[in-house]
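Heads up: the structure comes next, in structure tokens.
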Amino acid sequence: MPLLGGLLLVLSALEGGHALVAPPSSTRLQHHRSSGNDVIRPTLPFNLNSGVVPHTNWIERQQPPSRVYHHSACVRRNNFALRSSATSSSDATSVTQETEAPISITMIVGIASALVGYFYCKCLKIGFNLLWRQFPNSNLSKAIPSSKHILCMMTLGGAIVATLSTLFFPTLFSAHDYVHVLSKESDGSDDEKNKMDKFPGVKYMFPLLGLSLITSISGFSLGPEAPMVGAGSLVGVNLGRRYIKSKEKSGDSSGIDVSKLEETLAYAGAAGALTGALNFPLAGPIFALEFTSRRAGLAGAAGKNWNAVMMASLAGMAVIRGLLVPTAHVGGHFTYSAKAAIGVLHGREMVLAGLGMGVCGAVAGTCFHKSVSFLKSAIWRKNESSKAVVIGKKVLLAMLIGYISTLFPQTMFWGEPSMQCMVDGQCTPFSATPHGIPAAMMQAAIVNPNQPFASGLAALQVGLAKFSAITLASAAKFPGGVIFPLLSNGASLGHALVSALGPVLPTASSSLVPPMMIMSFMAAMLTSITRTPAASVLILAFTASGITPLSVLLPGALMASYVSVWVSERLSKDSFFSYSE
């Protein structure tokens, strides 16, 4: 905890606003597109008297003028950019822009954001142990019956988050903002150039992390993934602003496309935070890039930042895995079959399962985001005047989620530490996972979390309960991510599907069909929401144990992921995240 405090203080020092000083001359050269050619036209600086572009407050959503500077001579520092700068000329005049971040600042962003993710997850573990391991054994907990402990803790945690978010932090920068801002394609307009001004100062990272931390450790089915994307991107953008400010002080800021630089570092920061928090060395950066496109692919700006994002992720991984936890084992730990594999998987089985699970995952994901949208419209008014009413609604929703979790305790928490329980159909007892809680708290469980699913109905009940818990938490606007919660939900629903289709499955000739179907459904349900097919499959690959036959299971999962995105686009024009495309 002291290490985290020191890190947060260092990051706080990065917050210094982003007002920028215009070049000293009375005119400034600006790019204009005309018939496909670059033309240089002199324009007056924004403020001739002060020479300062006014500061932008993120909450007010003001749009300051473009912060892009150019000069007529070739820039002399191209050698330290990750990619050579683009050069344009007209009438024997050349202009050079630095369009990608230098290696040094990219690596710093990757390391800083990875440290944020690493220490955040340390706090998650500490908070979980305090609330669910040590507190039940203390004298303070004697006033709470063990069977009511889940309901009380989740209601209390929801009340704290509801009060703080409503009274002090009504607008949190989140992964939704990350997607909305960075999904806007470049069209050369001033609004596009200024889109990065919608990223607030780094101080807005702390309420996001704090509130999401309380939400997760209280037992809600929301995880650290979305907070990592939001916090990491804020670290990247604000370090970029500090870099620009230092260049201005040295008189060397000309030729830097500020908006493009900040965009690159936003992607890099999100990738670094995911890598540091969840150990996604390749899946993290690809997720950060795919995340900003509503289709199965990369947005135009995301593809241009591939090198920087990969470098930031690898730099963060090198520091975390090489210095902070050098003895920790490398690799995943989820095993998709409780027994040794029998037989082989044929191509027809793989194709049919991949297509079928892709369609089923798309339907489940569409139902999820439609349910969240319906509940939000039913619960929240556009201009809710009473803050007490807002807090009361959130507390009631927290109580409802707590009641569901009391009946189905295996649906609690964000999923990653306890997902093995769902992956193998509860052959691994919930109490044996890192998120296992005392048996006395699970007396009211409808489906015993420490016994394998007795039937497909039991798996379906758990799946629907998890679905409801995630939906209600998202509709209540509690901060948190849905990656591992949806993967865990997909595993339980996948077991229900396998059980329902059991009579027609070739399980006698191959025991690989059920785990392949479950993995495929997990990937399909997640990609229906996040539109990250490649990253979702990589997440499953990197989190799988060494004995999992990935070369057999992944082709079907990959097919299901892409099919899910394509089917989801046709099932609904709306999506869980708001894109600007």
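The values are calculated or read from the model by the stated rules, or taken from the named source; none is laboratory data. Predicted, not measured: the structure shown is a model, and the values here were computed from it. Every residue, glycine among them, receives a Cβ derived from its backbone with ideal geometry; neighbour counts consider all protein chains shown. In case anyone asks, the SASA skips ligands and DNA or RNA and just uses the protein heavy atoms, side chains included. Shrake-Rupley method; radii C 1.70, N 1.55, O 1.52, S 1.80 Å.
Relative intensity of the range 332-378 on a log10 scale, I(q)/I(0) at q = 0.23 Å⁻¹, equals -0.90, per a Debye sum over C-alpha point scatterers of equal strength in the absence of solvent. For the range 458-581, the mean projected area of the C-alpha convex hull, equal to one quarter of the hull surface, is 8.9 nm².
Counting charges near H435 (Lys, Arg +1; Asp, Glu -1) among other residues having Cβ under 12 Å from its Cβ returns a value of +1. Computed with a 1.4 Å probe over protein heavy atoms only, the accessible surface of the range 437-581 comes to 33 Å² per residue. Under 5 Å between amide hydrogens, built in the peptide plane, is the criterion, and for G481 it picks out G223, E225, A226 among residues at least 5 positions away or on other chains. Computed packing ranks the peptides 342-350, 415-423 as 415-423, 342-350, most packed first, by mean other Cβ atoms within 10 Å. Shape of the range 374-524 from its Cα gyration tensor (a ≥ b ≥ c, root eigenvalues): rounded if a/c is under 1.5, otherwise prolate when a/b > b/c, or oblate? Prolate. Taking amide H atoms as placed 1.01 Å from N in the peptide plane, the amide H of I256 lies under 5 Å from those of Y69, E98, each 5 or more residues away in sequence or on another chain. Using 0.36 nm per residue and subtracting the Cα-Cα separation, the extra length available between L375 and L355 on full extension is 4.2 nm. Here the alpha carbons of the range 304-352 define both size measures, Rg and Dmax, at 18.6, 46 Å. For trypsin sites (Lys or Arg not before Pro), the sites in the range 374-443 that DSSP calls loop and that have at most 14 other Cβ atoms within 10 Å are R381, K382.
One equal scatterer on each Cα of the range 505-548, no solvent, Debye formula: the resulting log10 I(q)/I(0) at q = 0.23, 0.31, 0.34 Å⁻¹ is -0.81, -1.05, -1.14. Protein heavy-atom accessible surface, 1.4 Å probe, per residue over the range 174-315: 24 Å². What a 1.4 Å probe finds exposed on the range 382-540 is 66% carbon and sulfur by accessible area, rounded to a whole percent. Taking amide H atoms as placed 1.01 Å from N in the peptide plane, the amide H of F334 lies under 5 Å from those of A544, S545, each 5 or more residues away in sequence or on another chain.
Is the shape of the range 124-204 best called rounded, prolate or oblate, per the rule: a/c under 1.5 gives rounded, else a/b larger than b/c gives prolate, else oblate, with a ≥ b ≥ c the square roots of the Cα gyration tensor eigenvalues? Prolate.
Label positions at L407 and E185, each projected 7 Å from the Cα along the C-beta direction, are separated by 4.7 nm.
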